[in-house]
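Here's the structure, in structure tokens; my notes come after.
The values are calculated or read from the model by the stated rules, or taken from the named source; none is laboratory data. All of these numbers come straight from a predicted model, not from anything done at the bench. Cβ placement follows ideal geometry from the backbone for every residue including glycine, while neighbour counts extend to all protein chains displayed. Accessible surface areas use protein heavy atoms only, side chains included; no ligands, DNA or RNA. Shrake-Rupley method; radii C 1.70, N 1.55, O 1.52, S 1.80 Å.
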Amino acid sequence: MHITTSVSDDLVGLLGDVGAIVFYLIVWGLVFAGTALFFGIFVPFVTGDSLLFAAGLIAASASGVDIWVLTIGVGIAAFLGDQVGFLLGRRFGRPYLDKRGGARTQKAIAKTEWFYHTFGWWSVVIARFVPWGRVFIPVIAGVGRMAYLRFVTANLVGALAWGVGITLIGYFAASIPAVKAGSYVIAGIVITASIVAGIRAWRIDKAERAAAAATPGTSTSEG
């Protein structure tokens, strides 16, 4: 309890140093980069659910942050990030996906492709809440030539449900006295678990790339 409260206090102090506008830009930029630039592959803890929840917590504690400016910006950044991923997939096709990471990443792409072909329109919405799916579904939808209007509508629903929804959950969790203390504990657990998962994914993929490079007759593509 004391540790998570202290972390929150430190973040609020940092916000006081950089200002609300910079805080908005950092959060929005990370949300956008999570899908548009594939940052969410190895750093889901700074581009995914934990970021949004923590941003909501901070907005509830910091006087200079407007929760509605924050959430609207998050929704727009999430929407634009997926749009970029979709257009990249449509423009460059399957070879663009084949360049993403090592064997573990390729397995995740294969699973995401199955998910997309199974659930169609809904996959774009649901994938928002799945770290790997959130990164790859927009590109796979573009590769699969999903109708543009269908993707836009699914992207909009997903951006609202995930981006706006989780940010507001963090905000109201910290704003309601009865659950405020518990919200810090939950945030601490989620952020810690996300960091561990991200570091583990990065180390496994790095080891697979090294093993593939050391095996005669094989080559890896940089992503």
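Listed values, structure above:
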item	result
Cβ-Cβ FRET estimate between W68 and V22, R0 fixed at 25 Å, reported to 0.05	0.85
Estimated inter-spin distance, W121 and L160, nm [label 7 Å along Cα→Cβ]	1.4
Per-pair calculated FRET efficiency, R0 = 30 Å: W114 and V152 via Cβ, rounded to 0.05	0.80
Y171, Y116, reordered so the largest accessible area comes first (probe 1.4 Å)	Y171, Y116
Environment charge at D82 (Cβ cut-off 14 Å; Lys +1, Arg +1, Asp -1, Glu -1)	+4
Full-stretch length increase - Q106, F172 - with 0.36 nm per residue and alpha-carbon distance subtracted	19.9 nm
